[in-house]
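Student: Got a structure for you, questions after.
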Amino acid sequence: MLNIHIYPSYLTNESRMLREARSLVDLKLVTTITLLGLWKKGLKQEEVVTNQISIRRLGSIAKSTKHKWLNLVAFAVFYLKAIWYCVRKKPRIVNAHSLTVLPLAAFVKWLTGARLIYDPHELETESNDSRGYRKKVAKRIEKMFIRSADFTIVVGHNIADWYRNTYTLHNIEVIRNIPLYRKTPSFPHITLRERLGLGHGKIVYVYLGALIPGRGIEIILDAFKAVGDPHHVVFVGFGEYESMVANFSREHDNIHCLPSVPPEEVVELSSGADVGISLIENTSLSYYYCLPNKVFEYLQAGVPFIASDFPELRKEFGNERFCWLIRPDRGSLIETIRSITPEDIMQRKTVAQERRDNWSWRSERQKYRSIYEQLA
């Protein structure tokens, strides 16, 4: 049974999609899986992940530019090629991993009789990118096509409630974006502290992920500029704010930056920190309802973390003693940093290491069984 997953990206680091694909194959719910995305120069059009999982990238007649009409033409070509590919391959199930490809997947369903799963990675019509006319169009498209989906998978309970209330959906399931657990060595070969050249009298905080607006980057930079030594923060990632972080690191000895690391090295890197930070800002409903995968990575590393006191995070971790949930603003972060002692960190690290097995992808992936068995 062929299952095609469609996402409008270059599929170079889509960890959630690959994790989902491997789980579906391991659970013997499908026979083969193709991840369908965009192609650009330098990438393979065909890529074999395993014997049963492959990536297919579709090219276009136009390169990505700042001209919206050329981009629209390029995307239309991708749509046509993707529909033709799916019609030829005749999948039993097709997954749309984004609102932009939901209509595409709906056409594939109508043309082939495949079952359709809508599998968005966030609340797309209420995201930072969805504003003004674009938001109105997105809402209309989702309302028009979401009922074509036989099942909808979302990443949090508040998002699930939003979909139920907005579209009166019934076939909906929450599958949290928990990374695969990779056991970290007790003593990493080169710890984060050693990479930064910091002694044991320093408290090391780590930020993992995209350096983009809405992720609390400016708040964190201003807070650590204010608190100074012995509190050190290291940013590991890339994005729009890379140059800003680099400038702060040159001006302040307690602010550092490192290049991104492969997904399989994230947990080991984090295990060398004292505290993780995931301070999402309330810039959209999608962010307000978020449950960042980074907090699970900190937890898997046995590291306590500071996170935004938002509904989904509060529901998940509000009663736990291995994190600090705070308002995502400069004052709250400074107050929290100054209140944290080495004794607090040791106590919360112990609790995190004892409790981390309660959050695992192994238990989360079992939810696919009931979904796929219903659709099959």
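Student: Based on the alpha-carbon gyration tensor of the range 246-303 and its eigenvalue square roots a ≥ b ≥ c, which shape applies: rounded if a/c is under 1.5, prolate if not and a/b is larger than b/c, or oblate? Spell out each step's value before the answer.
Tutor: Numbers: a/c = 2.05, a/b = 1.16, b/c = 1.77.
The shape class here is oblate.
Student: Using a basic spin-label model with each label point 7 Å from the Cα along Cα→Cβ, how many nm lie between residue 15 and residue 111?
Tutor: Going from the residue 15 label point to the residue 111 one covers 3.5 nm.
Student: Report, in debye and to the nearest 20, how large the dipole of the range 98-159 comes out about its Cα centre when Lys and Arg carry +1 and Asp and Glu carry -1 on their Cβ.
Tutor: 360
Student: Further question on the same structure: Short version: what are the Cα gyration tensor semi-axes of the chain, square root of 5 times each eigenvalue, largest first, in whole Å?
Tutor: Working: eigenvalues 282, 99, 86 Å².
Three semi-axes, in Å: 38, 22, 21.
Student: Treating only the Cβ atoms of Lys and Arg (+1) and Asp and Glu (-1) as charged, compute the dipole magnitude of the chain about its Cα centre; round to the nearest 20 debye. Mind dumping the intermediate values first?
Tutor: Values: 52 positive and 40 negative charges, 370 e Å.
My answer is approximately 1780 debye.
Student: Throw me the Rg/Rh for the range 193-251, computed over C-alpha atoms with Kirkwood Rh, two decimals.
Tutor: Numbers: Rg = 11.4 Å, Rh = 12.0 Å.
We get a ratio of 0.95 for the range 193-251.
Student: Before anything else, pin down the relative contact order of the chain: Cα pairs under 8 Å, at least 6 apart, normalised by residue count, whole percent.
Tutor: Details: 654 pairs, mean separation 50.4, N = 376.
Over the chain, the number comes to 13 percent.
Student: Next question, about the same structure. Just to confirm, what accessible area per residue do you get for the range 1-115 at 1.4 Å probe, in whole Å²? Walk me through the intermediate numbers first.
Tutor: Numbers: 5990 Å² over 115 residues.
On a per-residue basis, the range 1-115 sits at 52 Å².
Student: Please list 95-106, 227-238 highest first by mean number of surrounding beta-carbon atoms within 10 Å per residue. Spell out each step's value before the answer.
Tutor: On the way: 95-106: 23.2, 227-238: 19.7.
Highest-to-lowest ranking by the protection proxy: 95-106, 227-238.
Student: DSSP beta bridges in the chain, what fraction antiparallel, as a percent rounded to 5?
Tutor: Working: 3 of 47 bridges.
Approximately 5 percent, going by the DSSP bridge assignments.
Student: So, one more: What FRET efficiency comes out for the pair residue 170/residue 191, r = Cβ-Cβ distance, R0 = 41 Å, nearest 0.05? Each step should come with its number before you reach the end.
Tutor: Values: r = 49 Å, r/R0 = 1.20.
After rounding, the FRET efficiency stands at 0.25.
Student: Can you tell me what the convex hull of the Cα atoms of the range 17-168 projects to on average, as an area in nm²?
Tutor: Values: hull surface 40.1 nm².
For the range 17-168, averaging the hull's shadow over all directions gives 10.0 nm².
Student: If you don't mind, there's one more thing I want to ask. Test of understanding: what is the full-extension gain from residue 48 to residue 367, defined as 0.36 nm times their sequence separation minus their Cα-Cα distance? Don't skip to the answer; put the middle values down first.
Tutor: Working: separation 319, 0.36 × 319 = 114.84 nm, distance 2.62 nm.
Answer, rounded to one decimal: 112.2 nm.
Student: Counting just the Cα atoms, what span does the range 295-350 cover along each of its three principal axes? Round to the nearest Å and put the largest first.
Tutor: Extents along the principal axes, in whole Å: 27, 26, 18.
Student: Here's a follow-up. Under 5 Å between amide H atoms, partner at least 5 residues away or on a different chain: which partners does residue 241 have, H built in plane at 1.01 Å?
Tutor: 211, 212
Student: Each label point is 7 Å from the Cα along the Cα-to-Cβ direction; what then is the distance between the points at residue 265 and residue 238, in nm?
Tutor: 1.3
Student: Given a 1.4 Å probe and the protein chains all in place, what does the accessible area of residue 44 round to, in Å² to the nearest 10?
Tutor: So the heavy atoms of residue 44 present about 130 Å² to solvent.
Student: Then there is this: Using only Cα atoms, what Kirkwood radius does the range 261-371 have, in angstroms?
Tutor: Working: mean 1/r = 0.0676 Å⁻¹.
Kirkwood hydrodynamic radius for the range 261-371: 14.8 Å.
Student: Counting only the heavy atoms of the protein chains, how much of residue 161 is accessible to a 1.4 Å probe, in Å² to the nearest 10?
Tutor: We get 70 Å² for residue 161.
Student: Another question, if that's okay. At a 10 angstrom cut-off on C-beta neighbours, averaged per residue, how do the peptides 3-9, 281-287, 353-359, 243-249 rank from highest to lowest?
Tutor: On the way: 3-9: 23.3, 281-287: 18.3, 353-359: 14.3, 243-249: 16.7.
For the peptides 3-9, 281-287, 353-359, 243-249, the packing ranking is 3-9, 281-287, 243-249, 353-359.
Student: Next question. Quick one, can you get me the convex hull of the C-alpha atoms of the range 8-53 expressed as volume per residue in Å³? Mind showing how you got there, number by number?
Tutor: Values: hull volume 3.2 nm³, N = 46.
Looking at the range 8-53, the number lands at 71 Å³ per residue.
The values are calculated or read from the model by the stated rules, or taken from the named source; none is laboratory data. On a predicted model such as this, the values are computed, not experimentally measured, just so you know. For neighbour counting, all protein chains shown are included, and Cβ atoms are generated from backbone atoms with ideal geometry for every residue, glycine included. Quick note on the areas: whole protein, heavy atoms, side chains included, nothing else; ligands and nucleic acids left out. Shrake-Rupley method; radii C 1.70, N 1.55, O 1.52, S 1.80 Å.
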